[in-house]
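Worksheet: one structure, shown below.
The values are calculated or read from the model by the stated rules, or taken from the named source; none is laboratory data. Since this is a predicted model, take the numbers as computed values, not measurements. Please note: Cβ atoms are built from the backbone with ideal geometry, for glycine as well, and neighbour counts cover all protein chains shown.
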Amino acid sequence: MINRIPKSVARLPTYLDRQFVSGDPSGMRSLALPVRVIEELPFDRANFVDIEGEFLCDDMNRYLVKGVRGGLRVPAAEWVAARLADLVDLPVPATKIVENFEGQLLFGSRRIAGAADNTTTAALLASDTRSSNGASAPGLQARLAATFVFDLFINNHDRHEGNFLCCAIDGKNWIYLIDHARSLFSRGLGEFPPKSGYGTVYVASLMRGRHGFDLAAALDLADKIERVSAESIGQILESTPDEWLPPSEKGEFKDWWSNERRAKLKKLRDGLNDGSFL
C-alpha cells in the first residue's frame with residue numbers, strides 16, 4: 001500500500017468551484033461532488049488500456065479510475081453511460097468523480113464487495129444456462145438481452161466477456177456491467193446499424209447461443225431509454241466536468257437526444273423484431 005499526502009493544489013475552477021444545489025430531486029448534483037484520493041493502492045496496469053490505478057478515497061471506498069490518458073472522452077463516456085444505465089435499471093458499479101493528488105478529476109468505478117474474479121465470471125458466461133433454466137444466475141437471459149440493446153444504443157463497440165462482473169449473493173450469481181470507455185463520445189453515435197465484426201455484436205451472438213435471448217426484455221429496455229427525458233440527460237451532462245466534455249459537445253448531445261434518439265430506437269426495434277440484428 002502506498003501512502004501519500006495530497007499536495008496543496010489550486011482548485012479547477014471549471015468544475016470544483018461550481019455551486020451545487022442541495023435537495024436536487026434528480027440526485028445528479030450530489031453524485032457529482034468529487035471524492036478525494038487519500039491512498040494509492042498497488043495495481044498492475046499491464047492488462048488494462050484505460051485504468052490508471054486503484055485508489056482509496058475519503059469516503060473510505062476503493063475506486064478504479066480512468067482519466068484522459070486512454071482518450072480525451074473516456075471519462076465522459078464512462079460517466080454518462082453509467083448514469084444512463086442507472087436510469088434504465090441496468091446494474092453498474094457505483095461511480096464517483098475522483099480528485100487525485102494533483103487536483104485532476106478522474107472517473108471512478110467503486111470496487112464491489114464480494115465480486116468474483118475474472119475466471120469465475122468467464123466460466124458463468126461460457127456455461128449453457130438454458131439447460132438449467134438459469135437457476136444459478138436468475139434473470140441472466142433478460143439481463144444479457146437488455147445489455148445488447150444498451151450497447152447498440154450507446155455505440156459500445158467493445159463489450160466482451162471481460163466487461164461483465166459477477167457477484168455471488170446467497171448462492172446466486174448476479175451480473176454487473178463494466179467498461180463503457182469505447183462508447184458515446186469516444187465513438188460518436190453514427191455507424192448504425194453496427195458492423196457484424198464489432199466485438200459487441202460477435203460476443204452478443206455467442207451469448208445468445210449459450211443463454212438464449214429474451215426479446216421482450218430487449219424491447220423493454222428500448223422503451224425505457226425512450227422514456228428518459230432530455231431534461232434528465234441535461235442533468236447528467238450538467239454533472240459531467242467540463243474538463244471531460246466541453247459545453248459545446250454537451251449541447252450537441254442534448255440536441256441529439258431531443259431530436260434523433262427516437263429514430264435510432266425505431267431502427268433498433270425494427271432490427272430486433274425482424275431478426276436482422278440477431
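The single condition among (1) modelled with pLDDT under 95; (2) more than 19 Å from Arg83 (Cβ to Cβ); (3) over 15 Å from the mean Cα position of the chain (by Cα) that Gly234 does not meet is (2). Any idea how many residues of region 102-121 are touching a Phe, Trp or Tyr at 6+ places or on another chain (Cβ under 9 Å) and at pLDDT 85 or above? The qualifying residues number 9. Being touching a residue at least 12 places away in the same chain (Cβ under 8 Å), surrounded by 23 or more Cβ atoms within 10 Å (Cβ to Cβ) and under 24 Å from Ile225 (Cα atoms), is that true of even one residue in region 56-68? Taking every residue of region 56-68 in turn, none turns out to be touching a residue at least 12 places away in the same chain (Cβ under 8 Å), surrounded by 23 or more Cβ atoms within 10 Å (Cβ to Cβ) and under 24 Å from Ile225 (Cα atoms). Only residues that are aliphatic (A, V, I, L, M), under 19 Å from the mean Cα position of the chain (by Cα) and at pLDDT 80 or above were counted in region 36-53, giving 1. Among the residues of region 207-222, is any out of contact with any Lys or Arg (no Cβ under 9 Å at 6 or more places or on another chain), outside any helix (DSSP H, G or I) and under 21 Å from Leu272 (Cα atoms)? Yes, region 207-222 contains a residue that is out of contact with any Lys or Arg (no Cβ under 9 Å at 6 or more places or on another chain), outside any helix (DSSP H, G or I) and under 21 Å from Leu272 (Cα atoms). Scanning region 122-155 for residues that are of a type in the set (Ser, Thr, Tyr), modelled with pLDDT under 90 and either under 29 Å from Pro193 (Cβ atoms) or in contact with a Lys or Arg (Cβ under 9 Å, 6 or more places away or on another chain) (or both) returns Ser127, Thr129, Ser136.
To keep it simple, each residue is scored yes or no on (1) surrounded by 19 or more Cβ atoms within 10 Å (Cβ to Cβ); (2) in a loop (DSSP other than H, G, I, E, B); (3) not assigned by TED's automatic domain parsing to the domain that holds Gln141.
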site: Leu165; (1), (2), (3): yes, no, no
site: Ala168; (1), (2), (3): no, no, no
site: Leu189; (1), (2), (3): no, yes, no
site: Pro193; (1), (2), (3): no, yes, no
site: Tyr202; (1), (2), (3): no, no, no
